[in-house]
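A short worksheet on the structure shown next.
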Amino acid sequence: MEASKDPSSEICRALDHPFGDGSLESLLKTGEKVAIIVSDATRPTPSWIILPVLLDRLLAAGIKEKDIEILIATGLHKPPSEAERLRILGEETLRRGIRAFNHDAFEKASLTYIGETSLGTPLWVNKRAMEADFLISDGYVEPHFFAGYTGGGKSILPGISGLETIKINHGADRIDHPKARAGILMGNPIHEDILQASKKAGLRFILNVVLDPEKRIAKAFAGYAEEAHMAAISFLENHVKVEAPPSDIVVTSNSGYPLDRNLYQAVKGMATAEEVVKVGGVIIIASECIDGVGHEGFYRLMASEPSPERVLEKIRQPGFFMIDQWEAQVMARILLKARVILVSEGLDKETGKAMHIQVVKSFEEALSLAMKEVGRSPEVCVIPEGPYVLAMASKNRAD
């Protein structure tokens, strides 16, 4: 997959050839209030490139700058720092003086109720977004370990949804569903919830991108949310689907900054390796984890129990809920299948032990430990960019 030589021109091309019921300009009406949802600091979406092009289009369509707001879709993540905010929005957008707000899933007064999905999920969504006349979102598309793919309606759920909504959508029963996996949309209850939420919220238009391994824009997709998202997925699948033999040792990474900033995000890379590693095998994952574990609830849940089995038992208890339990649930599931060795400078050995993994400082040490674990002549699979790969074990797997 090659990067576009002129990313701004690629974005313009996508806007000139939208999927769905018309161009951005034809859908807008003079005087409308527009809200643009952008990805937060945990995502590599190049919003700083996308926003100037979008803003120019909005102004050309008769929308005034004072009627445009930007919402940073934090979901349940912490709000971005000032440096991260600058990276997300970019200097050009900040110079224009466009108002930008962080979503807050915990502030009930900032949310509004818009109904529920057919799966019974109550939809509490950011009030500013719902008060806009026209809703746009950016995003990037890659396999997602329980929602199928990123991008599309994920800017609404979990992006600008409230805690009560995310709590149900990310519930233990949903995470346990056999189709809540990377690359699966049909029959995936988490994706179906997200799709319905985006429609009820009135997400009219998206501009999603597919990134190359260096996180540069390879191709952009604009237009009606569902159609543009599916077009991006179709393009992506031609580049990321790979079949690999079941392996004793799977080596991967969490694809560098910002995805490798903490252990919480690194579970995504582990989930890719999970599909290929043999039962009783070893996953080696490289992740800087500059922010350590990253999420307090995730740490407390994993560290409070003596084993991954007990973590799952706790999460599956009727009525149990703790923020970040979904990440713990997936990680515990992975640990029941394989041992995990993390190569990281940002996490210490004791914290790793509390999280039921082993932390080392070098790949050589990790590989030596893995070889001792599985014995001589192991089958080894290397997946350099874990979250960006849709790995499938060969059908003749024998574990």
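All of the numbers you see were taken from the coordinates with simple rules; none came from a lab. Note that the structure is predicted; figures quoted are calculated from it, not measured. No Cβ is skipped: glycine too gets one built from the backbone with ideal geometry, and neighbour counts run over all protein chains shown.
List of remarks:
- Neighbour-limited loop hits for GluC sites (Glu not before Pro), region 203-260 (at most 14 other Cβ within 10 Å; DSSP other than H, G, I, E, B): 214
- Long-range amide H partners of residue 293 with built H, under 5 Å: 263
- Where the alpha-carbon atoms of region 253-399 are placed on the principal axes, they occupy 44, 33, 28 Å, in descending order.
- Each residue of region 381-392 was assigned a 3J(HN,Hα) from its phi angle through the Karplus curve 6.51 cos²θ - 1.76 cosθ + 1.60 (θ = phi - 60°); the sequence is 10, 10, 10, x, 10, x, x, 8, 10, 9, 8, 10 Hz, with glycine and proline shown as x.
- Cross-link check: pairs 167/215; 29/66; 64/219; 29/127; 108/268 evaluated at a Cα-Cα cut-off of 26 Å; pairs beyond the cut-off: 167/215; 64/219; 108/268.
- Using θ = phi - 60° and Karplus 6.51 cos²θ - 1.76 cosθ + 1.60, couplings along region 195-210 (whole Hz; Gly, Pro as x): 4, 5, 4, 5, 5, 5, 6, x, 5, 8, 8, 10, 10, 10, 10, 10
- Built amide H within the under 5 Å cut-off of residue 340, gap 5+: 283, 358
- The phi-based Karplus calculation (6.51 cos²θ - 1.76 cosθ + 1.60; θ = phi - 60°) puts the 3J(HN,Hα) values of region 338-354 at 8, 7, 10, 10, 9, 9, 7, 8, x, 10, 8, 4, 5, 5, x, 4, 5 Hz, whole numbers, x for Gly and Pro.
- For the chain, the longest principal axis of the alpha carbon atoms and the long axis of helix 82-96 meet at an angle near 20°.
- P(r) of region 7-240 over all Cα-Cα pairs, binned every 10 Å from zero, in whole percent: 8, 35, 39, 16, 1
- The chain - Rg and Dmax from Cα coordinates, angstrom: 20.9, 70
- When you filter the trypsin sites (Lys or Arg not before Pro) in region 1-59 for DSSP loop state and at most 14 other Cβ atoms inside 10 Å of their Cβ, you are left with 5, 29.
- Cubic angstrom per residue, convex hull over Cα atoms of region 1-59: 114 Å³
- Once backbone amide H atoms are built at 1.01 Å from N, residue 219 has 210 as its partners under 5 Å, excluding neighbours fewer than 5 places away on the same chain.
- Sparse packing (at most 14 other Cβ atoms within 10 Å of the Cβ) combined with a DSSP loop state is found for the following GluC sites (Glu not before Pro) in region 331-399: 345.
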